[in-house]
Amino acid sequence: MQFNGLATPRRLTALGATPSTVLHRDYLTIAQEASSMKNKPRIHITVKTVRAMRPSPPNKKLFDSDDEVRGFGAYRTSGGDVVFVDQYRLPHQPARRAKIGEFGELTPTQARDIARRWAVERRGGVAPVEKRKEEARERRAERDLRFATYVDAYLRRRIVEERPVNAQHSRILVNDVAGLMPNVRIDRLTNDDIDRWQEELQKRSKSARIYGLVYLKVILNDAKARGIIASSPADAYKVPVRVERERVLSLEELTHRLLGVMAASLAGEEAGPSVATKLAGLIGR
């Protein structure tokens with residue numbers, strides 16, 4: 001992995017250099033290359049001058065600086081690709097270099113316009129490279145942190161981990177959590193979002209509302225464990241210890257379920273307390 005054409009701190013650390021030494025070497029290299037750029041006459045970077053650039057030797061970059069926009073330059077790699085760069089220095093910080101793009105993706109004029117815009121942003125107190133990184137993070141979050149996307153990824157991750165979520169619980173997650181709040185972002189969930197969602201589930205049944213809250217918390221706790229969020233408004237919502245039965249089973253339903261419990265017991269299920277517990281649950285005791 002490369003950073004601005006240089007070995008990354010992680011890679012150099014593996015070779016025995018400390019992070020502080022690595023950082024110093026990176027910035028020193030940039031400064032040395034910047035010095036060599038100053039000693040070369042500036043050119044107007046055009047399609048013609050770009051095509052005439054000589055390939056850089058391995059582990060070195062032969063830069064050409066533009067005569068119109070300060071800090072804008074280009075070099076040809078040893079492999080033959082031409083890379084446009086913007087070299088700059090923020091107040092009280094070492095020199096930095098940011099890749100703008102490659103010839104073929106951008107024309108020299110387009111690359112120069114980007115370098116000019118970045119220079120204007122820096123004068124306004126905005127670091128363009130850091131801004132781009134933040135924008136990229138936001139795009140990933142906008143895609144990955146919506147409940148519809150996150151729940152799907154969570155279920156697939158549980159399968160990979162050989163801990164699949166059973167069908168009933170998957171339905172609650174897909175239909176009641178992701179299905180009713182598909183575009184709400186996990187990191188932007190509000191009390192109003194939760195209240196509206198709970199009202200929708202309550203229209204179906206009390207148990208749907210309660211179990212929905214249980215599995216909403218499952219997803220949010222997963223996001224906490226992965227360092228995506230530190231807390232959530234849902235933390236203040238308490239799940240009842242027991243879900244009360246909302247209706248009495250009919251005689252036919254009760255008979256059917258009793259026969260099911262008895263059949264399971266006769267098939268070898270442990271008798272005694274387990275069967276008694278199931279029977280008590282069915283009759284509401």
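The values are calculated or read from the model by the stated rules, or taken from the named source; none is laboratory data. What you see is a predicted model; the values in this text were computed from it and never measured. Backbone-built Cβ (ideal geometry, glycine too); neighbour counts: all protein chains shown.
So which of R117, R139, R157, R112 ends up being assigned by TED's automatic domain parsing to the domain that holds D66, outside any loop (DSSP other than H, G, I, E, B) and closer than 19 Å to R226 by Cβ?
Numbers: R117 fails: closer than 19 Å to R226 by Cβ; R157 fails: assigned by TED's automatic domain parsing to the domain that holds D66; R112 fails: closer than 19 Å to R226 by Cβ.
Only one candidate qualifies: R139.
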Every pair of residues 6+ apart whose Cβ atoms lie under 8 Å, when the first sits in the range 50-63 and is within 16 Å of F103 (Cα to Cα) while the second is loosely packed, with under 10 Cβ neighbours inside 10 Å: P55/G79; P55/G80; L62/R54
Selected residue (only one of G124, G101 is more than 30 Å from G227 (Cα to Cα) and surrounded by 11 or more Cβ atoms within 10 Å (Cβ to Cβ)): G101
Can you tell me how many residues within the range 38-67 are part of a loop (DSSP other than H, G, I, E, B) and within 17 Å of Q110 (Cα to Cα)? 4
Exactly one of these conditions fails for P164: (1) without any contact (Cβ under 8 Å) to a residue 12 or more places away in the chain; (2) surrounded by 13 or more Cβ atoms within 10 Å (Cβ to Cβ); (3) part of a helix (DSSP H, G or I). Give me its number. (3)
Kindly indicate which of D113, D67 is in contact with a strand residue (DSSP E or B) (Cβ under 7 Å, 6 or more places away or on another chain), modelled with pLDDT of 85 or more and over 30 Å from R185 (Cβ atoms). D67
Yes or no: the range 21-40 includes at least one residue that is in the same structural domain as A127 (by TED's automatic domain parsing), under 21 Å from A115 (Cβ atoms), touching a Ser or Thr at 6+ places or on another chain (Cβ under 7 Å) and modelled with pLDDT of 85 or more. no
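Table: residues versus (1) surrounded by 14 or more Cβ atoms within 10 Å (Cβ to Cβ); (2) modelled with pLDDT of 75 or more.
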site	(1), (2)
A14	no, no
I43	yes, yes
A52	no, yes
S56	yes, yes
G80	no, yes
R89	yes, yes
